[in-house]
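In what follows, a structure is listed as structure tokens, so that the remarks can point back to it.
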Amino acid sequence: MNTSYPYAGTPSLQGPIDAALRRVVDPEMALTIVDVGLVVGVTVTADRVHVRVTMTSPACPVVDVIVEDIETELDTVVPAGMQIAVELVWEPPWSPDRMSARAKAFMGW
């Protein structure tokens with residue numbers, strides 16, 4: 001599977017995790033966090049899913065909503081008892097280059 005972000009870990013969970021992340025919408029942009037380029041990377045170990053995300057701005061007013069939505073969606077696809085960790089990172093910084101072609105078209109770029 002080819003994703004727009006680095007994925008390391010259990011191959012059988014890659015598709016379900018990607019689908020879950022694509023159900024999370026950035027409410028300010030009305031696009032998925034994957035299309036906006038907010039997902040920096042995903043690492044899966046035997047007992048943990050670690051998702052690194054960034055925001056378009058440090059002043060993003062919806063960061064808590066997005067993080068909660070990520071946790072909720074992942075909880076529907078990962079095995080019971082697996083820890084879900086969502087980490088907010090600022091490196092690498094977000095830029096419009098991270099957006100998918102679909103998102104750029106939606107924004108008229």
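The values are calculated or read from the model by the stated rules, or taken from the named source; none is laboratory data. The structure presented is a predicted model; accordingly, all values stated were derived computationally and were not measured. No Cβ is skipped: glycine too gets one built from the backbone with ideal geometry, and neighbour counts run over all protein chains shown.
Per the conditions (1) touching a strand residue (DSSP E or B) at 6+ places or on another chain (Cβ under 7 Å); (2) crowded, with 16+ Cβ neighbours inside 10 Å, the sole criterion not satisfied by Val77 is (1). Within the bounds of the stretch 33-40, is there any residue that is touching a helix residue (DSSP H, G or I) at 6+ places or on another chain (Cβ under 6 Å), buried (at least 19 other Cβ atoms within 10 Å of the Cβ) and either over 27 Å from Pro11 (Cβ atoms) or among the small types (Gly, Ala, Ser) (or both)? Yes, there is a match, as at least one residue in the stretch 33-40 is touching a helix residue (DSSP H, G or I) at 6+ places or on another chain (Cβ under 6 Å), buried (at least 19 other Cβ atoms within 10 Å of the Cβ) and either over 27 Å from Pro11 (Cβ atoms) or among the small types (Gly, Ala, Ser) (or both). The single condition from (1) surrounded by 17 or more Cβ atoms within 10 Å (Cβ to Cβ); (2) among the charged types (D, E, K, R); (3) farther than 30 Å from Trp109 by Cα that Asp69 fails is (3). Scan the stretch 4-36 for residues that are more than 15 Å from Ile70 (Cβ to Cβ) and assigned to a loop (DSSP other than H, G, I, E, B) and the total you get is 7. Taking the criterion of being hydroxyl-bearing (Ser, Thr, Tyr) and either touching a residue at least 60 places away in the same chain (Cβ under 8 Å) or farther than 17 Å from Val78 by Cβ (or both), the only residue of the stretch 6-36 that qualifies is Thr32.
For the stretch 48-78, residues that are at pLDDT below 95 and under 23 Å from Pro11 (Cβ atoms) total 0.
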